[in-house]
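One structure is given here, and the rest of the page talks about it.
What follows is calculated from the coordinates using simple rules that are stated; it is not laboratory data. Not measured: the values here are computed from a predicted model. Neighbour counts are summed over all protein chains in view; Cβ atoms, including those assigned to glycine, are modelled from backbone coordinates with ideal geometry.
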Amino acid sequence: MIFAILLFVSAALLSAFCSGVETGLYRVPRVRLVLDAVDGSRVARGLLWLTNHPGLFVSTLLVGNTVANYAVPVGVAWFVIEFFGYDDARINIVVSLLTTPVLFIFSELLPKSLFHQMPNRLLRIAGWPLFALTVLALPLTWALYFISQWLQRILGEEPLKVRPALARRELRQVLAEGEQAGLLEPVQRDLVQNMFAYGSDPISRYCMPLRGLRTVQIDLPIEEAKQIMLKSNQQILPVLHSRDKRLVGYYEATDLLYNTERPKLRAASTFEDTAGQIAVLNKMVSQDTKLGRIVNSTGQLVGVVLRDRLVAQMIQRA
């Protein structure tokens, strides 16, 4: 009897899990998943991958619900046999009718309602069990997944064409609500939209050649460096090694012009040319550096970026 009850409860919990997760995946804002994934959440990355492959997670939840729906009557029949000592169809029907409202409330209505109200919080908890269920159900779902992919190609309905539009629409909705609530100004809303639109662009699109800036050698007298700074109208002055002309750092205008002694040589951050614009800007702010070296895969300098110029370009788009 214990095993019959365990089978019934396990099937009911599986049905509740699949029903709730399905609602949560449709309910959770995709922008929130993207932000959590950028912050390093593995659960968010997995959920984002599943939402980008709807055929797979729909097939997985369909298999889970089907197994649960078949296991529930088996558990009921097993319980009747263990409790009464014989199999009676009429008793099975009566017990099934008595358990149906319970299953409807606790395996369908309640989990869907909870995941509808708190999709972000509950999906964080249900993420790893969902991934495990996806792997376990893969022998049964791979055929359904490939059939859905085949139908998408025939009908011309590719999810990859729909996802960016959905993400932009959800982002605009979130920002519009923030503006209506008085949390954002219009220029702030436009700035955030531009960050999402252009933030993933490689920094190589925004770098400039080092020769586009006035530079000085590290052994140049300070008075001459001050004169070059004044004539250049730059906020920073890149400093080169006197022998191999490599970039070793930079002087800031305030340090150079208002100090009688040799100013502090500030280090420039180094980034690969494939790094995203927002990632570079965020690192430059966190490291409190105003000059960045952009190198290719072999470590050769391809250009430099100025933090103030990156910020100005982002604001101008807004």
* Regarding the stretch 1-81, what is the average projected area of its C-alpha convex hull, in nm²? -> 5.8 nm²
* To do: Using the number of other C-beta atoms within 10 angstrom as an exposure proxy, rank Lys290, Lys283 with the fewest first.
  => Lys283, Lys290
* Label point distance in nm, Asp219-Trp128, each placed 7 Å from Cα along Cα→Cβ -> 6.0 nm
* Structure fact -> Least to most buried among Ile125, Ile294, by other C-beta atoms within 10 Å and fewest first, runs Ile125, Ile294
* Value of D in µm² per second that Stokes-Einstein yields for the stretch 2-166, Kirkwood Rh from Cα pairs, at 10 °C (1.306 mPa s) -> 91 µm²/s
* Go ahead and run the numbers for FRET between Asn259 and Asn120, Cβ-Cβ distance against an R0 of 41 Å, rounding to 0.05. => 0.20
* State, to one decimal in nm, how far the label point of Leu109 lies from the label point of Ala143, with both points 7 Å from Cα in the Cβ direction. => 3.7 nm
* Set of lysines with alpha-carbon distance to Lys283 below 22 Å, sequence-local pairs under 8 removed -> Lys264
* Structure fact -> In this structure, the FRET efficiency calculated for Ser41 and Asp201 from their beta-carbon separation, with R0 = 30 Å, to the nearest 0.05, is 0.80
* To do: Using the Cα centre as the reference, give the magnitude of the dipole from point charges on the C-beta atoms of the stretch 2-166 (Lys, Arg: +1; Asp, Glu: -1; all else neutral), rounded to the nearest 20 debye.
  => 700 debye
* Provide Leu210, Leu123, Leu47 in ascending order of the number of other Cβ atoms located within 10 Å of each residue's Cβ, fewest first. => Leu210, Leu123, Leu47
* Between Val302 and Leu230, what FRET efficiency comes out of the Förster formula 1/(1 + (r/R0)^6) with R0 = 30 Å and r the beta carbon distance, rounded to 0.05? -> 0.55
* Using only the alpha carbons of the stretch 203-310, determine the length spanned along each of the three principal axes and report them from longest to shortest in whole angstroms. => 39, 28, 20
* To do: Measure off 7 Å from each Cα along the Cα-to-Cβ vector at Thr66 and Trp49, then give the distance between these two points in nanometres to one decimal.
  => 2.4 nm
* Asked: So which chymotrypsin sites (Phe, Trp or Tyr not before Pro) in the stretch 215-318 pass both tests, a DSSP loop state and at most 15 other Cβ atoms within 10 Å of the Cβ?
  -> Tyr258
